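Peer 1: Below: one structure in C-alpha cells.
The values are calculated or read from the model by the stated rules, or taken from the named source; none is laboratory data. Only a predicted model underlies this, so the values are computations on that prediction, with no experimental measurement involved. Note: ideal-geometry Cβ built from the backbone for every residue, glycine included; neighbour counts use all protein chains shown.
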Amino acid sequence: MQTKPVQLIIAVSGASGALYGAHFLRSLCVLAQGSSSLIVSGAGLRVYCDELSSTVKTPDKYLEEVLKDIPIKDRKHSFTLHDASDIGAKPASGSAQYDGMAIVPCSMKTLASIAHGLTSNLIERAADVCLKERRRLVVVPRETPYNLNHLKNMTALTQAGGIVLPASPGFYQMPQTIDDLGRFIAGRLLSLFHIPHNLFRPWEGDSL
Ligand SMILES: Cc1cc2nc3c(=O)[nH]c(=O)nc-3n(C[C@H](O)[C@H](O)[C@H](O)COP(=O)(O)O)c2cc1C
C-alpha cells in the first residue's frame, strides 16, 4: 500500500504514443495520493491532438480533457502545470523535493538533449536535475527503427542513471483494446515509482 504522498514531475513530449501519457496521468490521479508537476511541450500537445482527435490548444485544456471522465470525488492526486519555456519554475530546482520524473511519451529529441546534458527547456532541465540529485528518471521513448544515435543516447541516459521504458507493451496480456496497451505502459511506470495498481494481471508463469 502507498503510505506517503507522491510528488512527481511528469512531462509529455512530442513522440507518438500520446495515449500512454494520458493513461499514466489518469492512473496516477485515481491511485496515488499526492501532487505532481506537469509539463507539456508544444510538440507533445500537437501529437496528442493528432493522435486522439482533440482540438485542445493549451496544456490546461489538455489536462482537463485527459481527466474529464474522473469524478472529482475519485481524484486523489492534483497536478500543477508549468510552461515548458519557464526554466525558473519549481521542477528546475534541485531543492524541490520530488520523488522522480516520468517523460511519457519521450521524443528522441528530448531524450538526446537529456543524454547530452542540454537543458534548453523546463523538461530537459528538470530531467537533468533528477539525474544530478540521483532521483528516479523514467523515459518512455517511441521511434522505429532506431538509428545508432538513438541507441547511443539511450545508453548514455541509462549510464547517467535514467531508466528507459520503451513504449513496447507486452502482448501476453492478450490486450483487447488500444486502452489495454495504454494501461500496460501506465502500470509499468507506476510500478517503477512503487505505486500499487491493478492495471493488468501480473504474469504468473505457465509451467506445464
Ligand atoms: C504526428 C507526429 C508524430 C511524431 N512521432 C514521433 C515519434 O514517435 N518519436 C519521436 O522521437 N519524434 C516524433 N515526432 C517528432 C517530434 O515531435 C519532434 O522531434 C519535436 O521537435 C519534439 O519536441 P519535444 O521533444 O520538445 O516535444 C513526431 C511529430 C509529429 C508531428
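Peer 1: Of the residues that make up the range 147-163, is at least one in a loop (DSSP other than H, G, I, E, B) and among the aliphatic types (A, V, I, L, M)?
Peer 2: Within the range 147-163 (the criterion being in a loop (DSSP other than H, G, I, E, B) and among the aliphatic types (A, V, I, L, M)), the answer is yes, since at least one residue qualifies.
Peer 1: Could you check the range 164-200 and list, in sequence order, the residues that are small (Gly, Ala, Ser), assigned to a loop (DSSP other than H, G, I, E, B) and in contact with a strand residue (DSSP E or B) (Cβ under 9 Å, 6 or more places away or on another chain)? Write out each step before concluding.
Peer 2: Initial filter on the range 164-200 (small (Gly, Ala, Ser)): 167-168, 170, 182, 186-187, 191.
Still in the list and also assigned to a loop (DSSP other than H, G, I, E, B): 167-168, 170.
Result: 167, single match.
Peer 1: Within the range 175-190, is even one residue over 23 Å from residue 101 (Cα atoms), without any contact (Cβ under 8 Å) to a residue 40 or more places away in the chain and in contact with a helix residue (DSSP H, G or I) (Cβ under 6 Å, 6 or more places away or on another chain)?
Peer 2: Yes, there is a match, as at least one residue in the range 175-190 is over 23 Å from residue 101 (Cα atoms), without any contact (Cβ under 8 Å) to a residue 40 or more places away in the chain and in contact with a helix residue (DSSP H, G or I) (Cβ under 6 Å, 6 or more places away or on another chain).
Peer 1: Still on this model: Given the criteria among the aromatic types (Phe, Trp, Tyr) and within 15 Å of the ligand (Cβ to nearest atom), does residue 62 qualify?
Peer 2: yes
Peer 1: Which condition does residue 47 not pass, out of (1) touching a strand residue (DSSP E or B) at 6+ places or on another chain (Cβ under 9 Å); (2) at pLDDT below 95; (3) among the β-branched types (Val, Ile, Thr), if it passes all the others?
Peer 2: (2)
Peer 1: Just checking, how many residues over the range 117-132 are buried (at least 18 other Cβ atoms within 10 Å of the Cβ) and within 16 Å of the ligand (Cβ to nearest atom)?
Peer 2: 8
Peer 1: Okay, next question. Only one of 99, 86 is under 30 Å from residue 204 (Cα atoms) and among the charged types (D, E, K, R). Can you tell me which?
Peer 2: 99
Peer 1: From the list 164, 140, pick out the single residue that is surrounded by 14 or more Cβ atoms within 10 Å (Cβ to Cβ), touching a residue at least 24 places away in the same chain (Cβ under 8 Å), within 19 Å of the chain's Cα centre (by Cα) and more than 20 Å from residue 31 (Cβ to Cβ).
Peer 2: Testing whether each residue is surrounded by 14 or more Cβ atoms within 10 Å (Cβ to Cβ), touching a residue at least 24 places away in the same chain (Cβ under 8 Å), within 19 Å of the chain's Cα centre (by Cα) and more than 20 Å from residue 31 (Cβ to Cβ) leaves just 164.
Peer 1: Moving on. Of all residues in the range 82-93 being within 16 Å of the ligand (Cβ to nearest atom) and not hydrophobic (A, V, I, L, M, F, W, C), which is nearest to residue 189 (Cα to Cα)?
Peer 2: The selected residue is 91.
Peer 1: Still on this structure: Can you find a residue that is more than 13 Å from the ligand (Cβ to nearest atom), of a type in the set (Ser, Thr, Tyr), closer than 21 Å to residue 9 by Cβ and surrounded by fewer than 16 Cβ atoms within 10 Å (Cβ to Cβ) anywhere in the range 169-181?
Peer 2: no
Peer 1: In addition: Could you say which residue among 42, 100, 34 is within 16 Å of the ligand (Cβ to nearest atom) and touching a residue at least 12 places away in the same chain (Cβ under 8 Å)?
Peer 2: Values: 100 fails: within 16 Å of the ligand (Cβ to nearest atom); 34 fails: within 16 Å of the ligand (Cβ to nearest atom).
Going through 42, 100, 34 in turn, the sole match is 42.
A quick yes/no check of all residues on (1) aromatic (Phe, Trp, Tyr); (2) under 18 Å from residue 44 (Cβ atoms); (3) within 11 Å of the ligand (Cβ to nearest atom):
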residue: 79; (1), (2), (3): yes, yes, no
residue: 95; (1), (2), (3): no, no, no
residue: 104; (1), (2), (3): no, yes, no
residue: 110; (1), (2), (3): no, yes, yes
residue: 134; (1), (2), (3): no, no, no
residue: 140; (1), (2), (3): no, yes, yes
residue: 145; (1), (2), (3): no, no, no
residue: 148; (1), (2), (3): no, no, no
residue: 161; (1), (2), (3): no, no, no
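Peer 1: Condition first: in contact with a Lys or Arg (Cβ under 9 Å, 6 or more places away or on another chain) and surrounded by fewer than 15 Cβ atoms within 10 Å (Cβ to Cβ). Now tell me which residues in the range 94-116 satisfy that.
Peer 2: Answer for the range 94-116, where residues must be in contact with a Lys or Arg (Cβ under 9 Å, 6 or more places away or on another chain) and surrounded by fewer than 15 Cβ atoms within 10 Å (Cβ to Cβ): just 94.
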